[in-house]
Amino acid sequence: MQLAPESEEADTFEARQQQRAREVVRRSRFSAQTICLLILTVLAVFYTLYFAAAIILPIVLALVANLLLSAPMRVLNTRLRLPKTLAALFLILCLFGVVGAIGTAISVPAAGWISRAPQTMAAIQTHMAVLGGPLRMIQAANERIENFLAVVSGRSGHGGGHVALLAPSAPSADGGLGTFGSSVLLGTRAFVGQLFTMMLMLFFLLAQGDSLLRRFVEIMPTFADKRRAVQIAYQIERNVSLYLTTITIINVLVGLANMLQCWAFGLPNPLLWGVLAFLLNYIPIIGPLTGIVIYFVISLFVFPSVLQALLPPMVYLCIHLMEGETITPMVLARRFTLNPVLVMGSLMFWDWLWGVWGAFLSVPMLAVFKIICDHVEVLTPIGHIVGGPTRGPKAHPPAVIPEPSPEAD
């Protein structure tokens, strides 16, 4: 079977990158002092990212959104002859319109489900009564283990081996609602502030991002450095924007499929659950698993038996498997892959560092990191490690992004 030209070029690029990585490792000699300094630098960077997330996260989101909107911006500016400022403002307004339309469409049903939360929990407890015995056994075993650990650690006090486990007191209705309302207001204010910061930064990136890159290239000392900087910027813009656009289209199809299956099974508010599936599919592995659990819980509230409630989450799982194992690899078949282990590690790390937005950004940031490593000689071995396994007809990792062209080497 003859390989396609793009596949042959990809294999050639991979072989060259592997050879470069071997040469760099052969020449490199790191002292203990250099390694310790590097570790401290990395820890300092992560420390800064954690405590300055309120300002850094909106900027990173703006950079990713800029990559996604770079193609429409280029069309408006070059083909339609629209000034960059007006084109950027038009795209920002369109983005606001899409987000506002989605929020308006799902806010009313979401508020209805939140208001029915007590009745929902009662219905779920009724359906799950068959699991009450095993759950009580697990809880009793957990309490015995906690008591044993408390005794061993010497925290039993003067009362011999008896340990009293005090459950947290339940807040009053007024206090609980007041605390919940304050938390919601504080969270909403912080979200609105970060959203405004992101949109403002996105506007200036769309309007003046090219001039910033041009200024940066101008201060490079040699022509080779200028060429490398332009190649890195071009590869990041082209590859990550193509990946985000492709994944967005696929996620829209996944959301539509789940909305149709919710409508077919008679679940209330199918638009809400379709939008939820669309958003969760941006987060690899953890997002679809969360969606399966949510669909199962909602089905317990609608269907009279547990077996019937398993149907919507099972269809959700089949849709996700079809998308992850067939559609996405077929659409991005001639692109290089990221290592699944590092994709999962990046997902867990950024989710811990920045929450759900970090989970959403984990794959694009790992892709940008690999592109930079592929074009910086000293980082070539790291870029080779970040790369995925050898492509094959039956081996498709969970995350796929476009491969840089061999001319960029």
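What's the number of the condition Trp113 fails, among (1) under 21 Å from Leu195 (Cα atoms); (2) surrounded by 14 or more Cβ atoms within 10 Å (Cβ to Cβ); (3) at pLDDT below 90?
Every condition holds for Trp113 apart from (1).
Counting only residues that are touching a residue at least 60 places away in the same chain (Cβ under 8 Å) and hydrophobic (A, V, I, L, M, F, W, C), which one in the stretch 277-297 is farthest from Pro364 (Cα to Cα)? Working first, answer last.
Taking the stretch 277-297 as the starting set, the residues that turn out to be touching a residue at least 60 places away in the same chain (Cβ under 8 Å) are 282-287, 297.
Within this subset, residues satisfying the condition of being hydrophobic (A, V, I, L, M, F, W, C) are 283, 285-286, 297.
Numbers: Ile283: 11, Ile285: 15, Ile286: 16, Val297: 31 Å.
Ranking the qualifying residues of the stretch 277-297, first place goes to Val297.
Take Glu377 and tell me if it is out of contact with any Leu (no Cβ under 8 Å at 6 or more places or on another chain) and either at pLDDT 80 or above or among the acidic types (Asp, Glu) (or both).
yes
State whether one or more residues within the stretch 256-274 are under 20 Å from the mean Cα position of the chain (by Cα), free of Cβ contacts under 8 Å to residues at least 40 places away in the same chain and more than 16 Å from Met322 (Cα to Cα).
Yes.
Six or more apart or on different chains, Cβ atoms under 6 Å: show the pairs whose first residue is in the stretch 21-37 and in a helix (DSSP H, G or I) and modelled with pLDDT under 75 and whose second is surrounded by 11 or more Cβ atoms within 10 Å (Cβ to Cβ) and of a type in the set (Ser, Thr, Tyr).
Every condition considered, the pairs that remain are Ala21/Thr380; Val24/Thr380.
Does Arg81 satisfy being part of a helix (DSSP H, G or I) and among the charged types (D, E, K, R)?
No, not satisfied.
Does Leu347 satisfy the criteria of being out of contact with any strand residue (DSSP E or B) (no Cβ under 8 Å at 6 or more places or on another chain), modelled with pLDDT under 85, of a type outside the set (Asp, Glu) and assigned to a helix (DSSP H, G or I)?
So Leu347 does not fit the description; no.
Is there any pair linking a residue in the stretch 360-375 that is within 30 Å of Leu276 (Cα to Cα) and touching a residue at least 60 places away in the same chain (Cβ under 8 Å) to one that is part of a helix (DSSP H, G or I) and of a type outside the set (S, T, N, Q), with Cβ under 6 Å and at least six apart or on different chains, and which?
Ser362/Leu347; Ser362/Trp350; Pro364/Val64; Pro364/Val240; Ala367/Val240; Val368/Ile236
The values are calculated or read from the model by the stated rules, or taken from the named source; none is laboratory data. All values reported here derive from a predicted model rather than from experimental measurement. Quick reminder, even Gly has a Cβ in these numbers, built from the backbone with ideal geometry, and neighbours come from all protein chains shown.
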